[in-house]
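Shown next, in structure tokens, is the structure this report addresses.
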Amino acid sequence: MTPSSFDGLGLAEPLQLALKSENYLKPTPIQAQAIPLLTKGCDLLGIAQTGTGKTAAFALPILHRLFLEPVERSGGAPRALVLAPTRELARQIGERFTAYGKKLPLRTTVIFGGVNQHHQVKALKAGVDILVATPGRLLDLFNQRHVRLDKVSILVLDEADRMLDMGFIRDVRRVVAACKGKRQTLLFSATMPPAIAKLANDILHEPMRIDVSPKTVAVDRIAQRVYFVSAKDKRALLDELLANPAKERVLVFTRTKRGADRVCKQLSQSGISADALHGNKAQNARVRALEAFRTGKVRVLVATDIAARGIDVPNISHVINYELPNEPESYVHRIGRTARAGAGGAAVSFCDHNERPYLKAIERLMQRQVAVAAHRLGFAEAPRDAAGAERRHQPPSKARARVRTRSPHIGEIPMLAAPARGRDRGNRYSGEHR
Ligand code: AMP
């Protein structure tokens, strides 16, 4: 059972005070399991995604340990290093360290690519205890001798599977090799493709394993619906759903960057305030888009999977999968954005004929069927049965004429349990377009 407060986890007093001021009353399951082990110095393999509270699960014990083992801070030589795949995630982790450690004499610095290195080098020189970094920029600064890694006594690889997806695995191994001292190592990953399992095996020493994988979190708390809709009708359906003001802060996902731009443009044409977030956007444009979304200036953020990693915006009312992801874990990551730290949420997916296999894979992963939303304009129509498969191929106009409500009212049909089948979890993430 999850402890009902942080009191029993043995964290230093200043951390407990910071948690109170953050209004964290109760540890999440991964925090409850990981914190006591990590404060003792164990290595850890954490199977967890964003939204489970994993950042605090590693940040709190790191701050605790560094606080209890004070050493003089030296320029460019951090004692703790956190590697993260994206700038957004790195920044958010850095913010968390600063918030939790605000009553401690420890300094956190964040470095990432895509911006001038000048300020980062200056901050490193001034002295750093905890460094949060994306692998590429870290190696750049390491090679320029602005950073030394021999003092790193705690190393965290966060979202290791994403670092693999994004082609950083070699860089990660280089960084690990440069952390020569005796150290505690933590590896977090939402999934365990073989390359990450091997990495974990190579760098962790007798790790504790904690699994709070998506199957058991988030999905239960999120009301999920799918509309079966042809690709060409998706735009109109999105406009119609967004006509409901209850959808006040909406994250829309597309599979490609071009798709994100297109949907964003369409929304703007329909008079809906929207911005796009993807890897082709300059760093300052991304920061601006996130900020506008966070503060409510922009109602809809259209994002690709990778760009959305680590987005930590509270109160996202709805996630809309304009296109379903071709890897099922991404679906769980996506919808997890709407149910942060215990809150419920709503996720709506648009599924065209070609995306049916993706939906199947998603349902297999979650061991559940997603409720089918019937729709009064007739966008939704594709029964799951065999007869329905034939009807799906009819032209949309005919399909519309025959709208069939699977539920007496528009909305959810209870989720049904479906048996899971084993699947090979190899690295299926590819495609630079993401
Ligand atoms: P993470 O999975 O680390 O990205 O955390 C997800 C969100 O949950 C962040 O907004 C955290 O600030 C928040 N959070 C983490 N732990 C707790 C907690 N024990 N109580 C309340 N909120 C939390």
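The values are calculated or read from the model by the stated rules, or taken from the named source; none is laboratory data. The structure presented is a predicted model; accordingly, all values stated were derived computationally and were not measured. No Cβ is skipped: glycine too gets one built from the backbone with ideal geometry, and neighbour counts run over all protein chains shown. What goes into the accessible areas is simple: the full protein's heavy atoms, side chains included, and nothing from ligands, DNA or RNA. Shrake-Rupley method; radii C 1.70, N 1.55, O 1.52, S 1.80 Å.
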Calculated FRET value between residue 115 and residue 197, using beta carbons and R₀ = 35 Å, to 0.05:
0.55
Can you send over the carbon and sulfur percentage of the accessible area for segment 171-269, probe radius 1.4 Å, protein chains only?
51 percent
Show me 283-289, 113-119 ranked by packing, highest mean number of other Cβ atoms within 10 Å first.
283-289, 113-119
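One quarter of the convex hull surface, Cα atoms only: what value does that give for segment 260-364 in nm²?
The directionally averaged projection comes out at 7.0 nm².
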Over segment 6-213, with the other protein chains present, what is the accessible area per residue in square angstrom, probe 1.4 angstrom?
40 Å²
Placing +1 on the Cβ of each Lys and Arg and -1 on the Cβ of each Asp and Glu in segment 6-213, which of 25, 117, 14 has its Cα farthest towards the positive end of the resulting dipole?
117
Rounded, prolate or oblate, given the Cα gyration tensor of segment 73-161, with a/c below 1.5 counting as rounded?
rounded
Could you go through segment 286-293 in sequence order and give the Karplus-derived ³J(HN,Hα) for each residue, using 6.51 cos²θ - 1.76 cosθ + 1.60 with θ = phi - 60°, rounded to whole Hz, and x for Gly and Pro?
5, 4, 4, 4, 5, 5, 5, 5
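Take the alpha carbon atoms of segment 182-233, find their radius of gyration, then divide it by 2.2 N^0.38 Å using N residues; give the quotient.
Rg over 2.2 N^0.38 Å, computed on Cα atoms: 1.82.
Compute the Cα gyration tensor for segment 1-90, then decide on rounded, prolate or oblate, letting a ≥ b ≥ c be the square roots of its eigenvalues: rounded whenever a/c is under 1.5, prolate when a/b is larger than b/c in the other cases, and oblate in all that remain. Kindly include the intermediate steps, with their values, before the conclusion.
On the way: a/c = 1.64, a/b = 1.22, b/c = 1.34.
It is oblate, given that a/c is not under 1.5 and a/b is not larger than b/c.
What ranking, highest mean first, results for peptides 317-328, 194-205, 163-174 when packing means the other Cβ atoms within 10 Å averaged over each residue?
Working: 317-328: 22.4, 194-205: 15.3, 163-174: 18.3.
Top to bottom by mean Cβ count within 10 Å: 317-328, 163-174, 194-205.
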Taking +1 at the Cβ of each Lys and Arg and -1 at the Cβ of each Asp and Glu, which of 328, 317, 295 sits farthest along the dipole of segment 222-358 towards its positive end, judged by Cα position relative to the Cα centre?
295
Search the structure for amide H atoms under 5 Å from the amide H of residue 347, placed 1.01 Å from N in the peptide plane, and list their residues when 5 or more places away or on another chain.
223, 224, 225, 319
What is the percent carbon and sulfur in the accessible area of segment 1-135, measuring with a 1.4 Å probe over the protein chains and ignoring ligands?
55 percent
Given 0.36 nm per residue, what is the gain on full extension from residue 170 to residue 4 after removing their alpha carbon distance, in nm?
55.6 nm
